[in-house]
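One structure below.
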Amino acid sequence: GRRLAVLTSGGDAQGMNAAVRAVVRTALALDAEVYMVTEGYQGIVDGGDGICRVGWDDVGSILHRGGTIIGTFRSRDFRERQGRRRAARNLVEHGIDRLIVIGGDGSLSGLDAFREEWPDLLAELVESGDLSKEQAQEHSMLMGAGVVGSIDNDLVGADTTIGADSALHRIVDALDDLSSTAASHQRTFVVEVMGRHCGYLALNAAVAGVCDYVLIPETPPGPQWVDRMCAELTRGRNAGRRESIVLVAEGVHDAQGEPITAHDVQGVLKERLGEDARVTILGHVQRGGSPSAFDRWMSTWLGHEAALAALGAEPGDQLPVVCERNGRVGRLPLVDAVRATREVPEAIEVGDVEKATSLRGDT
Ligand code: F6P
């Protein structure tokens, strides 16, 4: 029978549990044997209890829980060939040759590299006597699928990623909370939000929440950003606004490529406007807590589709990444999606937004 393993990797995101649950239950319904891997790729590198067979009830009551119950890890061992060789051996020893990875773009490209190397790794394992020829022949190719789990919403081609909606809710709630204390003191708050190289969370929080000025990496603030920000804040004060909020995406750089931090903005406000602004770095609160309703159902849908893709795959098939696009769940070629994601900053800088947002393959 077909044996499938699922793991979560990279930063956790609200909704990962819903995706894991859907993978497990869909695969069981399709008569596959299902395994959950703990602590991301490290679980397959270490083997043993890190790879455990699961049934329907093992994923009960997790849909609404934040984080990932199977743990996640940024595995150094898996980045080394030797680690990947151990991982291949451990999977084949369990008879597993289908793998679903829920994680960010780094975790997904790791899956693709693993798939590419798989035949060579197995050949080495046969040579060293760690696997029999029959085992290697029976599992000659690695199949599977990726699902983007990251609050950053940074996969080109996907409209959203697991956790982004919940994180946005956290940020907007925090902005609502900060605005009352800010208004009481007629203060400015500089709020740093996550997103790595992507300004999605900052920009959408700026639109959905209280915000006077936002700095995001996709449109690097030009030489006039300080003047423009100060003018905007002054205009608000003159109009009678008691609270001011500046949002800073953590990945923002100025036109010269120098990072702009929330504390830099605080310094500018002191110097230019004499304001005693406060800095709030929202940090991991954004990744915490239970998933929003959207993240629960969307992740369920993505996990279901990933299980269908992984179980329907034939040896030698390219890996798909399962994602939501134009309101539908579908599949994109994983390698292309990751490559396009990494090209984005350059594409946007040259103004070629079309290139950054279009992707070969369709849903
Ligand atoms: O990719 C998700 C993310 O939360 C980013 O927004 C942030 O830059 C990073 O992970 C933080 O990583 P860590 O949890 O290792 O501090």
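Of everything in segment 261-285, what is over 18 Å from Ile216 (Cα atoms) and either within 16 Å of the ligand (Cβ to nearest atom) or of a type in the set (Gly, Ala, Ser) (or both)? Give them in sequence order. Correct list: Gly267, Gly274, Ala277, His284, Val285.
Just one of (1) outside any strand (DSSP E or B); (2) within 27 Å of Asp165 (Cβ to Cβ) fails for Ile102. It is (1).
Pull up segment 11-21, narrow it to residues that are out of contact with any Leu (no Cβ under 7 Å at 6 or more places or on another chain) and crowded, with 24+ Cβ neighbours inside 10 Å, then point me to the one that is farthest from Leu168 (Cα to Cα). Talk me through it step by step, then tell me what you get.
Step one: filter segment 11-21 for residues out of contact with any Leu (no Cβ under 7 Å at 6 or more places or on another chain), giving 11-16, 20.
Going one step further and asking which of them are crowded, with 24+ Cβ neighbours inside 10 Å, we end up with 12-16, 20.
Numbers: Asp12: 15, Ala13: 12, Gln14: 11, Gly15: 13, Met16: 16, Val20: 22 Å.
Looking at residues that are out of contact with any Leu (no Cβ under 7 Å at 6 or more places or on another chain) and crowded, with 24+ Cβ neighbours inside 10 Å, I get Val20.
Here His185 fulfils each of the conditions (1) touching a residue at least 24 places away in the same chain (Cβ under 8 Å); (2) away from the ligand (no atom under 14 Å from the Cβ) apart from (1). Let me confirm something: among Ala164, Ala123, which residue is over 19 Å from Val34 (Cβ atoms), hydrophobic (A, V, I, L, M, F, W, C), crowded, with 24+ Cβ neighbours inside 10 Å and at pLDDT 95 or above? After ruling out the rest, the residue left standing is Ala164. Would you mention how many residues in segment 154-180 are of a type outside the set (D, E, K, R), within 16 Å of the ligand (Cβ to nearest atom) and not in a helix (DSSP H, G or I)? So the count comes out to 7. Scanning segment 110-153 for residues that are out of contact with any strand residue (DSSP E or B) (no Cβ under 9 Å at 6 or more places or on another chain) and within 16 Å of the ligand (Cβ to nearest atom) turns up just one, Asp152. Which residue is nearest to the ligand (Cβ to nearest atom), if the candidates are limited to segment 286-313 and must be surrounded by 21 or more Cβ atoms within 10 Å (Cβ to Cβ) and either small (Gly, Ala, Ser) or without any contact (Cβ under 8 Å) to a residue 12 or more places away in the chain (or both)? My answer is Ser299.
Within segment 144-157, the set of residues being surrounded by fewer than 24 Cβ atoms within 10 Å (Cβ to Cβ) and either at pLDDT 95 or above or on the phi < 0 side of the Ramachandran plot (or both) comprises Asn153, Asp154, Val156.
Checked against the criterion of being basic (Lys, Arg), under 30 Å from Val147 (Cα atoms) and modelled with pLDDT of 95 or more, the candidates Arg228, Arg287, Arg278 yield just one match: Arg287.
Has segment 326-339 got any residue that is of a type outside the set (Gly, Ala, Ser), over 15 Å from Leu108 (Cβ atoms), surrounded by 13 or more Cβ atoms within 10 Å (Cβ to Cβ) and at pLDDT 95 or above? Talk me through it step by step, then tell me what you get.
Of the residues in segment 326-339, the ones of a type outside the set (Gly, Ala, Ser) are 326, 328-329, 331-336, 338-339.
Next cut, over 15 Å from Leu108 (Cβ atoms) only: 326, 328-329.
Cutting the leftovers down to surrounded by 13 or more Cβ atoms within 10 Å (Cβ to Cβ) gives us 329.
Filter once more, so that each one left must be at pLDDT 95 or above: 329.
Within segment 326-339, one or more residues are of a type outside the set (Gly, Ala, Ser), over 15 Å from Leu108 (Cβ atoms), surrounded by 13 or more Cβ atoms within 10 Å (Cβ to Cβ) and at pLDDT 95 or above.
For Gly95, the conditions (1) crowded, with 18+ Cβ neighbours inside 10 Å; (2) away from the ligand (no atom under 16 Å from the Cβ) all hold with the exception of (1).
Under 6 Å between Cβ atoms, at least 6 apart or on separate chains: pull out the pairs that start in segment 96-108 with a residue that is under 16 Å from Val338 (Cβ atoms) and end on any residue that is part of a helix (DSSP H, G or I) and within 15 Å of the ligand (Cβ to nearest atom). Close Cβ pairs satisfying both conditions: Val101/Ser107; Ile102/Met16; Asp105/Val338; Asp105/Thr341; Leu108/Val338.
Checking each residue in segment 290-325 for being of a type in the set (Lys, Arg) and at pLDDT 95 or above picks out only Arg296.
The values are calculated or read from the model by the stated rules, or taken from the named source; none is laboratory data. Remember, it's a predicted structure, so these values are computed and weren't measured experimentally. Here the Cβ is made from the backbone with ideal geometry for all residues, glycine too, and neighbour counts use every protein chain on show.
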